[in-house]
Amino acid sequence: MNQIEIPEVESFEELDLSPVMRRSLAKAGFEKPSPIQSQLIPLAMDGLDVIGQARTGTGKTAAFSIPILEQLDSLEDCRDPQAIVVVPTRELADQVGREAERLAWGYPTEIAVLAGGKNITRQLRQLNNGVQVVVGTPGRLHDHLQRRSLRTDNVWCVVLDEADRMLDIGFRPQIERILRKCPRKRQTLLLSATLPTSVQRLAESYM
């Protein structure tokens, strides 16, 4: 795996973002990119697999959400999920879902949060109606895969957020099943506060 140093930028104007996204960022109160945003967004927009080392509170959700939102096909063109964001907990799934919705201002975007402890009937209805982005916990995503309610044929981006935490909890089997179910020709973004051997092995196997 190659390490690429990307110079930090001072404003979102320096990134290759659409006018709609720039307006959305201004409305959400974003003034300048955080280090993880300025380094990850250009690589993700180029379609590269990326490992980003970042802790909670550094703006990592926007770092992976912005490139995804910028490149989504409309719901009219594709009714199945195009991006899956895997997170360790229900609370983080809700948080990431809310942030993605906030950044999607100006975009007609359908985002579903699939997490344990949530009404699965509502989730099934959402998936059946058409969803572009799915944010979920490994267990519930795995459940939907077994039910065949989560279709992955059109997924072009998978995000593993807080990968070290997910592996610590013991979610590796579910994560690997999710990754194997997605097209081999896809983009994978891995975000982790630390990069222990377990995370590096996962990256080497699937990125």
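A compact table of results
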| item | result |
| --- | --- |
| Projected-area mean, the stretch 151-203, by convex hull of Cα positions, square nanometres | 3.5 |
| Among 85, 20, 68 - extreme Cα towards positive end, dipole of the stretch 1-144, charges at beta-carbon | 85 |
| Cα gyration tensor, the stretch 29-84 - rounded (a/c under 1.5), prolate or oblate | prolate |
| Taking the stretch 6-155 and dividing mean pair separation by its residue count, relative contact order in percent (alpha carbons under 8 Å, at least six apart) | 24 |
| Point-to-point label distance, residue 147-residue 16, nm (Cα→Cβ direction, 7 Å offset) | 3.9 |
| Summed residue charge, Cβ within 10 Å of residue 181's Cβ, Lys/Arg positive, Asp/Glu negative | +1 |
| Environment charge of residue 17, counting only residues whose C-beta is closer than 14 Å and scoring Lys/Arg +1, Asp/Glu -1 | -1 |
| Net charge, residue 162 excluded, C-beta distance under 15 Å - Lys, Arg +1, Asp, Glu -1 | -1 |
| Carbon + sulfur, % of accessible area of the chain - ligands and nucleic acids excluded, 1.4 Å | 44 |
| Electrostatic dipole magnitude of the stretch 86-202 [Cβ: Lys, Arg +1; Asp, Glu -1; Cα centre; debye, to 20] | 560 |
| All Cα pairs of the stretch 106-160, percent lying beyond 13 Å | 59 |
| Accessible area per residue in Å² at 1.4 Å probe, computed on the stretch 49-129 | 47 |
| Label of the coordinate-derived value, Cα extents along the principal axes in Å, listed as [x] 55, 40, 37; [y] 45, 41, 30; [z] 55, 38, 32 | [y] |
| Among the listed pairs 32/185; 32/181; 27/181; 118/181, those beyond 28 Å (Cα-Cα) | 32/185; 32/181; 27/181 |
| For the stretch 141-198: accessible area per residue (Å², 1.4 Å) | 49 |
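The values are calculated or read from the model by the stated rules, or taken from the named source; none is laboratory data. Because the structure is predicted, anything quoted here is derived from the model rather than measured. Because the Cβ atoms are built from the backbone with ideal geometry, glycine has one as well, and the counts that use them run over all protein chains shown. The accessibility values were calculated without ligands, DNA or RNA, using every heavy atom of the protein model including side chains. Shrake-Rupley method; radii C 1.70, N 1.55, O 1.52, S 1.80 Å.
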